[in-house]
Structure formats: structure tokens, C-alpha cells
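Take a look at the structure below.
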Amino acid sequence: MASRTAPSRRPTTRRRGAESRVQEHLSTLLAKVEAKNPGEPEFHQTVREIAESLWPVLVQNPKYIDNKIIERLVEPDRVISFGVNWVDDHGEIHVNRGLRVQMSSSIGPYKGGLRFHPSVNPSLCKFLALEQTLKNSLTTLPMRGAKGGTDFDPKGRSESEIRRFCQSFMTELFPYIGEFTDVPAGDIGVGEREIGYLFGQYKRIAKRFAGAITGKGINWGDSRIRQEATGYGAVYFAREMLATRGNDLVGKTCLVSGSGNVAQYTVEKLLHLGARAVTLSDSDGFVHDPDGIDRDKLEWVKRLKNDRRGRIREYADQFPRATYQAASDRDENPLWKVPADCAFPSATQNEVNAKDAANLVENGVSLVVEGANMPTVPEGVDRFIAAGVLYGPSKAANAGGVAVSGLEMAQDMQLSQWTSEEVDARLQVIMTRIHDTARQTAEDFGHPGNYLVGANIAGFVKVADAMLDESPI
Ligand code: NDP
């Protein structure tokens, strides 16, 4: 296995021995993961990316190899699969598959979102649960990784169909979650409406109010700033990165993809900090507004997406200076060719391919911060890092959402609700801490400025040491 973080300087004999042991360990591990999880490309991709980053820490700490920590970490504690049967408005019965992957058993209750999208399968859930494990660790809050969802597609479904589906889904998921065991939240296709139906059914079965889900409505247990947290957090992370180069967001032109929860609040915080977003997208295509998406336009987008469940192409009808381009099968996404200073991919995994990354670099983008989970393919990440672009990897940059979920759990336990200002202040502290930890760790392990290596190592070491403390074998 050729590691992206293997040292280049000439090693001593002892170090050479340690390096070849790491090399052998990681090659065997990756071969095992691929054999044990066939046909799961996203999961293989994330295991490979994490394993390659851990090279320097493994050379220095053979205990992680001796105790097979990575092998234990990438084997889920549990993969729960269940059928979800429901009836549509015409009386037809449908059968979907629900999944919950509970990944690591070291720090606190399991915590991670639920995704409702036709692409949901074991590979996606395992990849997201593993990413979540390191992300949760980076927040320093006591939460371990999980992820779940279903191949049910909410698009085009009526309100009552969504409600019946959520109730059936929760009836099956119920035995596996709880405020001290596993606390799901939203993700793609699961917003406040779906959380409402899921939580309502949870309460109906449990016969008690417990903080077993986060992202709840503000009148029934939500934390203030939870809806905003992932997008706001990503922009706070970007602000910290730019500050390391004596720069800031004022006057910057930014590309944002997606138009859901993360994208909307990324645009909002960019506006607060003096930048302007000029793009938004959905799976049908993207809009480019050269004048920038101001507060009024953003409010219109929120109504379009959250209330009317409309498509982003309508933006160009509403605001004639904007243009709409439909998605195509081309090997590059034209959204990433729009001239800009910064990019915030906030839709889905692998939405920035190697060509897109090259286009961004060529256009002079100096900062890429990932709101979505793993939106850039590994070759694209390499390109950003080689070009000296400030690259904020998702597990660090989008950790604001789960961090405020952790704060919501704390408020649920205390039966209290903190003010927006208080939660936002805590979010900023957490994002600054994650930024500083990732940056410092990268530097300590010989990869200054490489936030991916820093985030992976810092997230890993905390989980690994907890695993060793709780049980070496
Ligand atoms: P939403 O469902 O609110 O929005 C998702 C957006 O991405 C929609 O605009 C959707 O378009 C678009 N999208 C989804 N799949 C594709 C695709 N295959 N190609 C192009 N566009 C697509 O989800 P969120 O905003 O909550 O999540 C976005 C990303 O952020 C995900 O990667 C998620 O895992 C990550 N994330 C979310 C957190 C949160 O707190 N919500 C926390 C941390 C990470 P369409 O309507 O056409 O499907």
C-alpha cells in the first residue's frame, strides 16, 4: 500500500523496521476489509483514506498495531437491518429496508444521523458511521459513531405517506435506540418534519419523554442553533483556516452546492461574515447568481426547499439575473468551474471529482471546506493539498451539527433550553478547538497544513486510547 503520509526522509534501521511493519499491517487490513465487505466502495474508500493518514502515528505507537485497534474500529459493533412496511395513499403496500450501523463502542452513547435516500445501503451507512466515529471524537463530547437510514425516497410523497413511513420505521428501530444507548438525528431527506414524526412514534411506544433523538422542534426539546449548526460550523471553520494566513471571509465569492439544511445555513453565515455565495444546487442541476444570494433571496430559498419542497431551478425564474444549468453525465460539474475564492461542497459524497478539483485549483480557489460528508474523491483531495489550497475535511469542518446535537442531549438531560447566543458561543469555541487540534496534530506528525491527516490522527488517538483503557483485547 502506497501511503500518502509515508515519510520521505531517509530512515534509520529501526525506523525502517517500524515502517515496514506499518506497511504490512495496513495492506493486510485493507485486503481484509475489502474481502469482508464486498461491493461496498464508499466504505473501502473511507477506510483507506483514514488508514493512510494514520501512518505516522502507527510508526510511533506500535501498541495500536499490537492491539489491532484499526481492525476493531472498522468492524461495526452492530449492523441492524429491518424491513419497513407501509401503505401509500392508494392502499398499495410498500416494503423498504431500514439500517442502523453502530460503529464504535468506546466513548458515550452512539450518535449519528438517519438518511432517507434511494442510495442508502450498508456501504453508505458503514462509511458514514466510521466518519462519524472520528468526527464525534474530535468534538470532545462523549458520543460514539453510528449512522442509519433507509432506501425510502421522500421526494413526491404526500405528507401522510411520509408520516406513515416514519411511524413504521421508528416502530422497527425503537428497540435499538435510547438516550443512553443510541441517539439518531437528521441527515439527507430527514429534516424537522421527519424528526417530528419519528420522535412522536418513539414517545408513543416508550410512554415517556426522553432525548432519544436530536434535531427536534424548538417547542419540544430542540437546542437553539441545531438547525443552523452544521452550516454555521463549516463557515466558522473556514474563518479559522483563513486566519492562519492573515485572511478573512470579507468580500469573498463562494461556491456552495446543495440547497438543503447544510447549504442554506452555510450561505446564511457567509452573509453574516461579509462573504457572498453565488451558487446552489440539487440533484437536478445548479443555479449561478452573479449578484450573490442575499438575505431576501435566501429566505425565498428556505421557503422553496423547506415549505414547498420545490426544485432549485425555480430560483432562476424568480431572479432573472441568475442562470440555471441542468445536471448532466459529463465528467465535470460546471458548478465547480464558476470563478470564486472559496468552495463549500454541501450536498453529498463524491460530488467533487478529480477534474472538478483541478478546475477549482485552476480558477484560483484558495479554500475548500466540506459541509457534506466526504464530498471530494481522494485524488481531488491530493490535488488541493498539493496546490496549497486550504482544505477543510468534512469530519472536522462539518462537526458543528453533531456538536450541537451533543449540546441538545445535555439540555434534554437537564430539562432546560439555553439561549441562541449561548449555544452559538459554544459552537464557535468547539469549531475553533477542532480547527486548532487538527492543525496542531498535523504539524506534530510532520504534515503541517494537512488538516485531513491532523483530523484523522486526533480523532483516532482519542478513540483508540479509550478502547485500550476499557479493554486491551
Ligand atoms: P438535505 O436533505 O437537507 O439536503 C441535501 C441536498 O443535497 C439537497 O439539495 C439534495 O438535492 C442534494 N443532493 C442529495 N443527493 C444528491 C446527489 N446525489 N447529487 C446532487 N445533489 C444531491 O441534507 P443536508 O443538508 O442535511 O445534508 C447534506 C450533506 O451534509 C450530507 O452529506 C450530510 O451527510 C452532511 N451533513 C449533514 C449534517 C446535518 O446536520 N444536516 C451534519 C453533518 C453532515 P435533492 O433535493 O435533489 O436530493
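Please treat every number below as a calculation from the coordinates, not as lab data. Everything quoted here is computed from the prediction, not taken from an experiment. Every residue, glycine as well, gets a Cβ built from its backbone with ideal geometry; the counts of neighbours run over all protein chains shown.
For the peptides 394-406, 156-168, 85-97, the ranking by packing is 394-406, 156-168, 85-97, with the highest mean count of neighbouring Cβ atoms within 10 Å listed first. By DSSP, the beta bridges lying fully in the chain are antiparallel in about 55 percent of cases.
Working note: Cα atoms of the range 229-397, range along each principal axis, descending, whole Å: 41, 35, 26.
Modelled label positions at THR12 and GLN417, each set 7 Å beyond Cα in the direction of Cβ, lie 6.1 nm from each other. Centre-to-centre, using Cα atoms only, the range 355-418 and the range 429-473 are separated by 15 Å. For the chain, relative contact order (Cα pairs under 8 Å, six or more residues apart, normalised by length) works out to 14 percent. Note on ASN219 and ASP248: their simple-model spin labels are 3.9 nm apart, each label 7 Å out from Cα toward Cβ. Simple spin-label estimate for THR140 and GLU470 gives 2.1 nm between the two label positions (7 Å along the Cα-to-Cβ direction from each Cα). Compared with the alpha-carbon gap, the fully stretched path from PHE174 to ARG208 is longer by 10.9 nm at 0.36 nm per residue.
This ranking places ARG72, ARG100 by how few other beta-carbon atoms lie within 10 Å of each, fewest first, which gives ARG72, ARG100. Extents of the chain, largest first, come to 70, 52, 44 Å (Cα atoms, principal axes, whole angstrom).
DSSP assigns beta bridges within the range 229-397; of those with both partners inside it, close to 40 percent run antiparallel.
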